[in-house]
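Notes follow the structure.
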Amino acid sequence: MKYIQRIGCLILPVLLFAIPIDEVKPRTVLSKQTSSNPILERAKSYADQGKLKTAVLNYGNFVDHWQGDVAGAWGEYQWLANVSFMLGVPGKDKEGNPYPWAMRPHPDIPDSIIYWGPSVSESWLDRTSNQINTDWDVVLGSKGRTYSGEITAGDYVGGVWTDENDTWPLLATSIVPESWPVRVDEFGEEERFWPGWFATDTDPSSPTYLQEIPGRFVSDVDIYLEFDDRFADREPVSSFTGYPTGSKVLATVHSYGRAYAEDIIFVTMKVVNESDKYGLNGGLGYDYENVYFGFYFDADMFSSFYYGGYRPCNTNDGDMMGYNTEYNYAYIYDLTGTECGGAYEFNAYAAVKLLDTPTASDTVWLDDINYIAPGEELGLTDWHWFDWYNRPGVVDKEGSGGPFVGDAKTPESPKKEQLMYQLMSGDTTGLSEKEWQWYFHRDTRGNLNPHFDSMEGLLAQFPDGLDCVCMMSSGPFTFAVGDTAMFSFAIIMGEDIPDLNRNANMAQIMYDLRYQGFSAPQAPTVSAITEWNPETQRAAVRLVWDDAAEYSRDIVTGYADFQGYRVYKSTDGGKSWGTKIFDVNQTHAGWQPVAQYDLSLEQDLALYGRDISGPDPMAPWFNLGSNTGLRHEYLDTDVQLGKEYTYSVTAYDIGMEPGFTIEVYSEEVLDPISGITYEVIRYDTTWSQTNTGSQWAYYSLESLESPRGTTPQSPQFIKVTPTRTPVDLKGRIDLVPG
């Protein structure tokens, strides 16, 4: 029901830059940088290469539906309300002694030092129209240093995910070099450079094993951003509501167009304690103890339609949560799979899977028996649900009509920071009766695990569902000056629990491969020419593409296993691509191409030693081709003058068959001396000619296809409107088909 308060926010990106500078009122400037308005350096980009697509922001809220941007589009709807990073530090040690960082000047009496308490840096609580009071915000000076500021969101995806006049700068995006910052090289020349990190070499036999490979990106689109908590004390209507810790986050978001990872988006973070560089403690900084990292996760099943437009009914109270211990993810789903009285039906589960976490500094006891030893990854240590109207910071339960804490008008609870830290750490000390009811949930027998709410108890208490928001955290650990702690997670969508499990398992495999996964051939670069035949009075569109895909190699295995091209056609700008393809579970797996060209039989035999055609052995709902031979052009005569058509040409490989197969069979053998017949078990091993590396002998994978793309910025994606006058679009193909 909180959702109805978001109506009308679609125009916010346009309004953002009209905010007067004096509206942003930081009370603590941590360094000597002169700029004091990070609002003017906010930027965004779009993780949109897979089936799961979302806008990405650079001020702590990685995903935020409140800003009116696409937030977790998947299938026919959008599902995510907010995914936001949190960092918590305590106010006192176990003996009750205040930590030095919690002793700060009185907000109204600067010469008076008082105890402030714990602090949790977050951005999800802010309810101002342009979110001008978040704890996290873009690192000052990011424009020109971590992104260019020369290309806008409107330039990149105008008319698709945002308005063409959207002036938000585009974050550094791997497939858009214009978004990268510029530096001067050793010869005094300007050059664009990627501000983040590159992919890691995962080949154990390579001399550069586990080193970065310059120029190789991790996913089909990487997005880099930085933010810090410099302005964590700028809440305008309440005192003692948190303070800067001097923590800086360097993050990359990874989106994949490959079929096996199209439902997954990864977020990888390096969190650095730069409290000394930010001038805290007289420039010495603080060595923080008992620190927790975590995130706020809010999904509404569903929140809006795929390309925007809020659902006509306003309730989120029918959702439910769950936690999968085998695959280590929390998920949210709708209990009935319907909305608005059954007017909308869907199968969708939204999940977050924790991956990288900090390591324990000391022994962490989970209960009387289980513990985490020093040096081991902490993993997920706390998970709690609360009603959005009872979120930490409210004084009394709010109503759907507001006012809302975080709106810069409504006073916050003086216990806001303390309660957030208690939720992150599983601390039930000093809770009031209503705080017990709001934040810590027992099982049906009255037993309490202070670190993990009981799903059994929540289901019993809310049999018709609830509005699902939760905090997930990892800690405690020591975070000293100069330390860098890793934290990463995956956002995953699935149609049901088995589908979620498959995607979560793939996310784990990709995590083990440093987020890379097996890669499809390079996407072709496509040009189009509109043609007109005056004799037949018919228009046509001719597509032409290059052959770069035929020379590309899988970035993980090193195999060159290109097989063919698929041509897709859309009449709705790329929202859909014709006839759907379903797998054995009746899950939408892809689209039927309008044309397909693959290697001839002779080429298959020469390259792979066998015929590669027909249904994919690992995914028989996809077809590997019919040995047509390769082509680099397609003529579409089924077009009309003045109507826009969208095309995409993809490249695909042969997949990965197991390195060997063993056939077990038996046969009867007669002993000529005894006259006794014996049954003999025999094993026949067939070795693969295409998966020859011992490292991958036990792996098998369906054919991989390059992304279809989502905007004309993608080289394989093109929009064409036939006219009577020939038009050459893009016109950048060197290979001219005969």
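What the table below lists for this structure:
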{"read-out": "Given (1) surrounded by fewer than 23 Cβ atoms within 10 Å (Cβ to Cβ); (2) within 30 Å of L701 (Cα to Cα); (3) under 19 Å from the mean Cα position of the chain (by Cα), index of the condition F266 fails", "value": "(1)"}
{"read-out": "Some residue of region 40-54 being more than 17 Å from the chain's Cα centre (by Cα), buried (at least 19 other Cβ atoms within 10 Å of the Cβ) and modelled with pLDDT under 90", "value": "no"}
{"read-out": "Condition check for V352: of a type in the set (A, V, I, L, M, F, W, C), closer than 24 Å to F266 by Cα, in contact with a strand residue (DSSP E or B) (Cβ under 7 Å, 6 or more places away or on another chain) and modelled with pLDDT of 90 or more", "value": "yes"}
{"read-out": "Qualifying positions in region 617-629 - surrounded by fewer than 17 Cβ atoms within 10 Å (Cβ to Cβ) and in contact with a strand residue (DSSP E or B) (Cβ under 6 Å, 6 or more places away or on another chain)", "value": "W621, T628"}
{"read-out": "Selection from region 285-310 of residues that are more than 25 Å from T268 (Cβ to Cβ) and in contact with an Asp or Glu (Cβ under 6 Å, 6 or more places away or on another chain)", "value": "M301, Y306"}
{"read-out": "Unique match (being among the aromatic types (F, W, Y), part of a loop (DSSP other than H, G, I, E, B) and within 22 Å of E122 (Cβ to Cβ)) among F477, F404, F489", "value": "F404"}
{"read-out": "Those residues of region 321-336 which are buried (at least 17 other Cβ atoms within 10 Å of the Cβ) and more than 21 Å from the chain's Cα centre (by Cα), in sequence order", "value": "D334"}
{"read-out": "So A507, is it of a type outside the set (D, E) and at pLDDT 95 or above", "value": "no"}
{"read-out": "Given (1) surrounded by fewer than 20 Cβ atoms within 10 Å (Cβ to Cβ); (2) touching a residue at least 12 places away in the same chain (Cβ under 8 Å); (3) of a type outside the set (V, I, T); (4) under 25 Å from L543 (Cβ atoms), number of the condition D604 does not satisfy", "value": "(1)"}
{"read-out": "Test result for L419, within 24 Å of S361 (Cα to Cα), surrounded by 19 or more Cβ atoms within 10 Å (Cβ to Cβ) and touching a Ser or Thr at 6+ places or on another chain (Cβ under 7 Å)", "value": "no"}
{"read-out": "All positions within region 256-273 that are outside any helix (DSSP H, G or I) and among the aliphatic types (A, V, I, L, M)", "value": "I264, I265, V267, M269, V271, V272"}
{"read-out": "Count of region 428-448 residues which are within 30 Å of the chain's Cα centre (by Cα) and either part of a loop (DSSP other than H, G, I, E, B) or not assigned by TED's automatic domain parsing to the domain that holds D319 (or both)", "value": "2"}
{"read-out": "Residues within region 193-212 that are exposed (fewer than 15 other Cβ atoms within 10 Å of the Cβ) and either among the acidic types (D, E) or at pLDDT 90 or above (or both), tallied", "value": "3"}
{"read-out": "Where M321 falls short, out of the listed (1) closer than 30 Å to F479 by Cα; (2) of a type in the set (A, V, I, L, M, F, W, C); (3) modelled with pLDDT under 90", "value": "(1)"}
{"read-out": "Strands (runs of 3 or more DSSP E) contained in region 61-165 and holding at least 1 residues under 22 Å from A485 (Cα atoms) and without any contact (Cβ under 8 Å) to a residue 12 or more places away in the chain", "value": "none"}
{"read-out": "Yes/no for D228 being farther than 29 Å from G709 by Cα, in contact (Cβ under 8 Å) with a residue 40 or more places away in the chain and surrounded by 23 or more Cβ atoms within 10 Å (Cβ to Cβ)", "value": "yes"}
{"read-out": "Filter result for I132 (touching a helix residue (DSSP H, G or I) at 6+ places or on another chain (Cβ under 7 Å), surrounded by fewer than 24 Cβ atoms within 10 Å (Cβ to Cβ) and at pLDDT below 95)", "value": "yes"}
{"read-out": "Qualifying strands (runs of 3 or more DSSP E) (wholly inside region 536-648; at least 3 residues being at positive phi)", "value": "none"}
{"read-out": "Region 454-465 residues that are assigned to a helix (DSSP H, G or I), paired with ones that are of a type in the set (D, E, K, R) and surrounded by 13 or more Cβ atoms within 10 Å (Cβ to Cβ) (beta carbon under 7 Å, 6 or more apart)", "value": "E456/D443; G457/R442; G457/D443"}
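The values are calculated or read from the model by the stated rules, or taken from the named source; none is laboratory data. All values derive from a computational prediction rather than experimental measurement. Neighbour counts run over all protein chains shown; Cβ positions are idealised from the backbone, glycine included.
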